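Each remark here refers to the structure printed beneath this line.
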Amino acid sequence: MKTRYTVPFLLLLSLILLTLEAKTVDPYKVLGVEKNASQREIQKAFHKLSLQYHPDKNKNKGAQEKFAEINNAYEILSDEEKRKSYDLYGDEKGNPGFNAGYPGDQGGYTYFTNGGQGQNSYTFRPGDWQDMGDQGNSRSFSFSFGGPSSQSSFGFGLNDIFSNFFGGDLGGGQFGGFGGSTRSQSRSQTGSRSNPKSIKAINSQVFNNEIADQGMTWLLLSYTSSLKGSQFYESIIQEVADSLKGALKVGSINCETEMSFCKELGTQPRRVPRVFVYSNKASDKGSLVEYNGDLVAKTLKSFCQDHLPRFSKRIDLKHLQSYSGEDEKLPRVVLLSTKKDTPVIWRALSGLFHKRFVFNDVEVRDVTDPMKKQLGVDALPAIVGWLSNGEKHVLKSGISVKDLKSAVHDLSTLLEGFEKKNKKAAASKGRKAQADSGGKHVSLLTGSNFDALCGGKTPVCIIGGFRSLKVKEKLEDILSMVSQKSLSRRQNAASVSGHSISYTLLDVAKQPSFLNAFDKSGYKSSDKLLLAYKPRTQKFAAFKGEMTAEEVEKFISSVLNGDVQFTKTRQKPVLK
């Protein structure tokens with residue numbers, strides 16, 4: 001058993017010793033900069049060299065040692081205090097020579113298991129390595145150098161080491177806690193175990209306003225500042241977020257400052273930070289799902305992709321035009337591609353526009369399929385849309401994207417434009433239905449017709465107030481459409497007669513005293529308003545919300561069903 005682990009651990013020990021030696025090298029010479037170099041020059045040199053010697057890309061002998069030297073040099077020179085100490089004493093801490101490990105660790109190194117909640121972090125010394133063979137969950141290591149304020153660490157798994165040394169693929173592909181210059185820079189600029197500026201701090205207000213049920217997938221880190229390894233977690237999370245930018249957002253919850261919020265969510269960290277995904281995969285209502293796998297960027301990214309929304313229903317190409325969505329009132333959009341599974345971009349969009357569109361996607365196995373030509377698509381991937389009136393549009397074909405973020409942005413703009421077109425088509429359909437039924441005219445409320453429209457014989461009078469011609473036309477269209485639907489509903493109510501409701505318009509700029517009967521301010525701050533007035537009881541209810549046909553219809557239905565609370569008028573309304 002001991003022989004089995006001797007070679008790997010000797011290799012691991014050699015790597016650590018090489019790293020310790022690397023810290024004695026002049027950091028200016030390592031990065032190839034002058035002693036008066038600016039931070040910008042230092043940063044540029046670091047980026048160039050770290051990409052050149054990154055062990056994932058450079059398999060030459062000595063690349064690991066050089067990579068360690070580069071990161072140690074940047075750790076010193078990117079921190080003004082450490083750089084000043086080095087310039088004065090030849091040591092980042094102001095002492096001759098370098099010590100490894102935290103002060104209380106007696107030269108030991110910190111080991112983190114990444115199995116999620118309840119896993120341990122503890123310290124061991126090189127002499128303890130022989131006993132590590134029986135640790136069933138010893139999958140990942142983090143070795144920190146330079147004391148508690150150390151800004152850089154190596155976090156790597158045994159599989160990664162074996163892969164780099166022996167050229168095999170044992171499930172790892174990343175060396176260290178660095179994913180190129182981005183991750184190294186993120187960790188180096190952190191300076192403490194607080195969350196980096198690029199990771200949004202999350203509290204209950206932000207969670208409720210920006211995360212809960214908004215359709216976007218979030219990757220969340222739950223931590224406290226006292227936990228070791230927070231910076232390593234942050235760097236991995238930031239790397240995953242960068243690779244899925246546009247489809248994924250990232251945030252962190254400090255459970256020291258947000259203790260009650262963490263308790264409410266059930267995200268309190270134990271001995272190590274915890275990682276969660278806010279997922280809309282399972283249902284309309286999002287939920288937090290904890291990640292319990294190894295803290296490797298590739299594995300975490302796969303987990304996040306699996307928990308992206310799945311609101312797009314996959315259908316067969318031959319049934320495309322005959323397929324009827326669940327909600328025929330909504331416009332429908334279909335992605336045609338050669339992908340065997342729903343693409344990440346389309347899944348992200350299905351979450352952002354859920355309940356605004358019916359989403360479908362289709363795999364086109366044969367690009368010469370005649371159905372493609374029938375749809376008017378000349379290149380794949382393509383998006384075809386159907387308005388709620390059944391009218392078909394090819395929204396875009398031969399889609400090409402630069403990256404995930406720009407693709408989500410551009411296609412979101414495309415869908416928003418199609419949504420506006422659908423609203424116009426729905427309004428046009430309503431006007432046509434109005435004309436076909438004889439054209440119901442919404443009268444302007446005046447002193448001469450007040451009793452007929454809003455007198456004691458009318459149980460409910462719907463009054464649409466306007467201050468401009470444009471608003472008047474919009475309200476007239478809405479009330480004309482809604483009156484048709486609400487009349488049919490009203491006839492189904494046992495306690496309501498066929499003449500229980502009337503619709504009328506009011507020029508509020510010319511009738512300020514009329515509105516004073518309802519509100520002391522006379523609704524002077526509103527360019528449009530909608531009132532449900534009960535003449536018999538002298539009570540009213542004001543509509544609050546977006547002035548659309550759908551929302552107004554819901555309001556009037558609630559009035560008829562007795563679900564709206566009415567208020568007594570200040571006085572009897574009188575028209576001049």
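The values are calculated or read from the model by the stated rules, or taken from the named source; none is laboratory data. As the structure is a computational prediction, the values presented were derived from the model and not from experiment. Virtual Cβ from ideal backbone geometry, glycine too; neighbours counted across all protein chains shown. Just the protein is used for accessible areas: all its heavy atoms, side chains included, with ligands, DNA and RNA removed. Shrake-Rupley method; radii C 1.70, N 1.55, O 1.52, S 1.80 Å.
Is the shape of segment 512-572 best called rounded, prolate or oblate, per the rule: a/c under 1.5 gives rounded, else a/b larger than b/c gives prolate, else oblate, with a ≥ b ≥ c the square roots of the Cα gyration tensor eigenvalues? Oblate.
Protection proxy ranking for 542-553, 58-69, using the average of other Cβ atoms within 10 Å per residue and placing the highest first: 58-69, 542-553.
Measuring with a 1.4 angstrom probe and ignoring ligands and nucleic acids, residue 540 comes out at about 20 Å² accessible. Any chance you could check the Cα centroid distance between segment 366-424 and segment 229-308 for me, in angstrom? Taking the Cα centre of each part, segment 366-424 and segment 229-308 sit 33 Å apart. Relative protection proxy for 290-302, 408-420, from highest mean packing down: 290-302, 408-420 (other beta-carbon atoms within 10 angstrom). Ordered from largest to smallest accessible area (heavy atoms of protein chains, 1.4 Å probe), the residues 371, 259 come out as 259, 371.
Largest to smallest in accessible area, the residues 40, 365 fall in the order 365, 40 (1.4 Å probe, all protein chains included).
Rounded to the nearest 20 debye, the dipole size of segment 290-388 about its Cα centre is 140 debye, using +1 on the Cβ of Lys and Arg and -1 on the Cβ of Asp and Glu. Legend: distances between Cα atoms for 329/429; 355/402; 281/392; 429/534; 200/420; 340/396; pairs beyond 22 Å are 355/402; 281/392; 429/534; 200/420. Once you have a ≥ b ≥ c as the square roots of the Cα gyration tensor eigenvalues for segment 295-391, tell me rounded if a/c is under 1.5, and otherwise prolate or oblate according to whether a/b is larger than b/c. Cα axes put segment 295-391 in the oblate bin.
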